[in-house]
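Report on the following structure.
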Amino acid sequence: MLHNMTSEPEQQIGVGTQDAFQRLWTPHRMAYIQGENKPTGPGADDGCPFCSIPAKSDEDGLIVKRGEQVYAVLNLYPYNGGHLMVVPYRHVADYTDLTDPETAELGELTKQAMTALRTASGAHGFNIGMNQGTVAGAGIAAHLHQHIVPRWGGDTNFMPVVGHTKVLPQLLADTRKMLAEAWPTAA
C-alpha cells in the first residue's frame with residue numbers, strides 16, 4: 001500500500017458519492033477541453049497560437065529549438081512527458097502545401113527531437129504524426145504541426161485507461177530546459 005494511504009474510504013467533500021478512490025486532479029486539462037487559446041478562425045490573424053509562439057522568448061513559448069523554416073515546441077497538453085511538436089513558421093494547414101525547404105527542415109528537426117528525447121529521457125520509442133484536418137483529430141487544423149511523443153515500456157498504465165488522466169512527472173519549463181540542453185548540434 002502507498003505511504004499515507006489506508007484501505008478505508010476517505011471523506012472527499014465536493015466529489016460526489018463517497019467511494020474508495022483517491023483523486024488526482026488535473027485542472028490544467030480543462031483549458032484544453034474548453035478550447036482555451038484555440039483560434040477563432042482559419043487565418044493566421046485569428047488567434048493562431050503557432051503563429052504567436054515564435055514572437056515569445058524560448059522559455060515563455062516553450063520553444064526547444066528554432067530552425068530557419070520550422071521550430072520545435074513543447075505541447076501545452078502533452079500525452080507524455082517531453083511531447084514535442086515541430087511547426088512551420090508559415091501559417092499553412094496541409095502537409096502538401098509545405099515548400100521543399102520546409103519539408104526538409106521539418107524532417108531534420110524531427111530526427112533531432114528524437115535524438116534529444118533519447119539523450120534527455122531515455123525514450124524507448126516514439127509516436128510521430130500529423131492530424132490533417134479537424135475530422136482527423138487536429139486540435140488546431142489551420143496550422144500544420146507534427147507531434148513527436150516519446151514512449152517508454154510500460155507507460156500505458158491504469159491512469160489513462162481508468163482515469164482519463166496522464167501523470168506528468170515534470171513541469172513543462174523544466175522539460176523545455178532539459179531538452180534544449182540535450183538538443184544535438186547540427187552536423
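Each reported figure results from applying straightforward, stated rules to the coordinates on display, with no laboratory input. Here the structure is a predicted model, which is why all the values come from computation and not from measurement. Positions of Cβ are backbone-derived with ideal geometry, glycine not excepted, and every protein chain shown enters the neighbour counts.
May I ask you to list the aspartates and glutamates whose Cα is less than 20 Å away from that of LYS177, ignoring any residue fewer than eight positions away on the same chain?
Here the aspartates and glutamates satisfying the reach criterion relative to LYS177 are ASP58, GLU59, ASP60.
Determine the gain in length on full extension of the stretch ALA186-THR99; use 0.36 nm per residue of separation and subtract their C-alpha separation, reporting nm with one decimal. Spell out each step's value before the answer.
Details: separation 87, 0.36 × 87 = 31.32 nm, distance 2.10 nm.
Stretched out fully, the ALA186 to THR99 stretch lengthens by 29.2 nm.
Starting from the Cα of ALA173, step 7 Å toward the Cβ, then list every residue of the stretch 45-74 with an amide N under 13 Å from that point.
Label zone hits: 58-62.
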